[in-house]
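Working notes, beginning with the structure itself.
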Amino acid sequence: MNESVRALGNPRNIRGLVMGLGILALTWELCVWIYAGNDHVLILIGLVLAVTGITVYILNDWRSGFYVFLGWLLLEDLPRKFLGNNMTIYFAKDFLVGMTYVSWLMARRRRQFETFRPSFWVPLMLFFWLALIQVFNLWSPSLLYGALGMKLYFYYVPLMFVSYDLMRTPEDLNRFLTFSAVFGIVISSVGVIQSTIDINFLNPEKLAPELMALGNLKRISPITHRLVEAPTGVFVSAGRFGWYLIVVWILAVVTLSYFLLARRRGSFYAWLAIGTITAAVMLCGVRQAVIFVVGSALIMTAGFLWGAPLRQRQGRRLARALRYALVAAGAGLILLLQLSPQTFGANWAYFSETMSPYSTRSEIQSRIIQYPLSNLEMAFEHPRWLTGYGTGTNSLGVQYVGAVLHTPGLQVGVENGMGNLIIEMGILGPILWTVWVFALLLASWRVVRQLRQSVYFPVAFGIFWYAFLLLVVMAFLTMDAYENFVSNAYLWMLVGILFRLPYLAQLPQPVPDPKGQRSTHNGVKAAISAGD
């Protein structure tokens, strides 16, 4: 009896008893929630537990944390749609990348690596200080608007340093490119399925009221009146899906060119990504995606041929990569036409009738030239165009700040990107924006020229082109493109990788595996033959 009492009083046994009772109570509560149909609560609990475990994991290994953040960044909208636009889910990515920054800084303090200071840092900091000063603009309704703007403009800038330090060897670059290609295949395939089979695939039956217009976008061709239901993929809006397709298509072409040029494994994933992403672009219902993907195909083809390596027949391998990319894009469109001719025809009608210069209902000139310029002129019609209304007052997501404050906001703003900066930061906004963007592009171009006729040139040129496309062309049309978290995060990750490429080019390059390369090459050729 005494032994039993002593055993019961053992601290280890007491902890086990308490833990058992806790597990029993938790199981009981879970059963009650399941019986009551509280699925949202279960999902949130699972996400909280997952985030807690992931946080510990990231603090121990920031390199793995980078990929955890990137994966969550691309898939975050999926649970958000099913949880009624829950803001906890929306800010989870910011928490994860914040933990990645902390873990990276801890490793840096241990002097595990040395980072770099880009040449455009001073112009960027001038723009940063202007934005910070404008947070306290007296015409801004609340500091929350300023916090929103600072987050959208600058929160992902440190990813440039993280990705720079992440690229220690060519294998690290291969891992990042393959990761992006695989996610591109999966996400673009979801969009294709939504367009051709079921628009409600991976979509809830009922979206949150503030997401209804974004997630149920419908287009009608103006002449033939054919209906196009724009897919959202895993995102909450068709626009965000279209912006993602632009960057991932560029990366897929870069990946295929680099892998074949450097004779690395994994080119089949890039080839498959080009085909599926091209099909998704055709079905996305977003004209910007179609225009910028077609334009990227022309510019990147010319750029790759200009900088192609001339030694050891590497130029022929790059030409072969471009041919494979073209075949992959064509195969994706042909397969789409065979499987779903009605959906293909409806999208073709909408795009051709609204963008063809020969169409009587073409909007290409008005949307690309007249509309942005008229919006820029409207910015100067506001009485405070000289000093602005404050950072964040015309940024993406102001409706959420207004909902928190229970105010409608300033109700000022324009869609043009430079006009947006004038509204928020006054006339100095677009001036300092132009200065730091020019400095970044100039420094990037120097890296591109330095890597000309090397196996890393396609990667460098592709990153430079995306930076130009986002910061100059797309940002002029609308600042939403830059403020979109997927486009923004990818920009700064890729900029860091770009400035790391000269270091990778100086390292001893891995000897390609002839057997593995031959099997990969044969796999691509077999897929091309099957498509033909």
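Coordinate-derived values only; no laboratory data. Since the model is a prediction, treat every value here as computed from it, not as a measurement. Positions of Cβ are generated from backbone atoms using ideal geometry, with glycine treated the same way; all protein chains shown enter the neighbour counts.
Numbers at a glance
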{"read-out": "All-pairs alpha carbon distance profile, the range 115-531, 10 Å steps from 0, percent", "value": "5, 21, 29, 26, 15, 4, 0"}
{"read-out": "Derived scalar couplings ³J(HN,Hα) [the range 247-263; Karplus, 6.51 cos²θ - 1.76 cosθ + 1.60; whole Hz; x for Gly, Pro]", "value": "5, 6, 5, 4, 5, 5, 5, 4, 5, 4, 5, 5, 5, 6, 5, 8, 6"}
{"read-out": "Residue exposure sequence - ILE54, ILE431 - by fewest surrounding Cβ within 10 Å", "value": "ILE431, ILE54"}
{"read-out": "Cα-only Debye scattering, the range 421-515: base-10 log of I(q)/I(0) at q = 0.17, 0.21 Å⁻¹", "value": "-0.79, -1.05"}
{"read-out": "Least to most buried among LEU214, LEU491, LEU143 (fewest other Cβ within 10 Å first)", "value": "LEU143, LEU214, LEU491"}
{"read-out": "Spherically averaged projected area of the range 239-351 from its Cα convex hull (nm²)", "value": "6.8 nm²"}
{"read-out": "5 Å binning of all Cα-Cα separations within the range 164-204, expressed as whole percents from 0 upward", "value": "6, 21, 18, 14, 11, 9, 9, 9, 3"}
{"read-out": "Burial ordering of GLU424, GLU415, GLU205, GLU76, fewest other beta-carbon atoms within 10 Å first", "value": "GLU205, GLU415, GLU76, GLU424"}
{"read-out": "Volume per residue of the C-alpha convex hull in the range 370-482, rounded to whole Å³", "value": "105 Å³"}
{"read-out": "Prolate/oblate/rounded label for the range 139-213 (Cα gyration tensor, a/c 1.5)", "value": "oblate"}
{"read-out": "Over the range 128-274, volume per residue of the alpha carbon convex hull, in Å³", "value": "189 Å³"}
{"read-out": "Convex hull projection area averaged over all views, the range 50-114, Cα basis, nm²", "value": "4.3 nm²"}
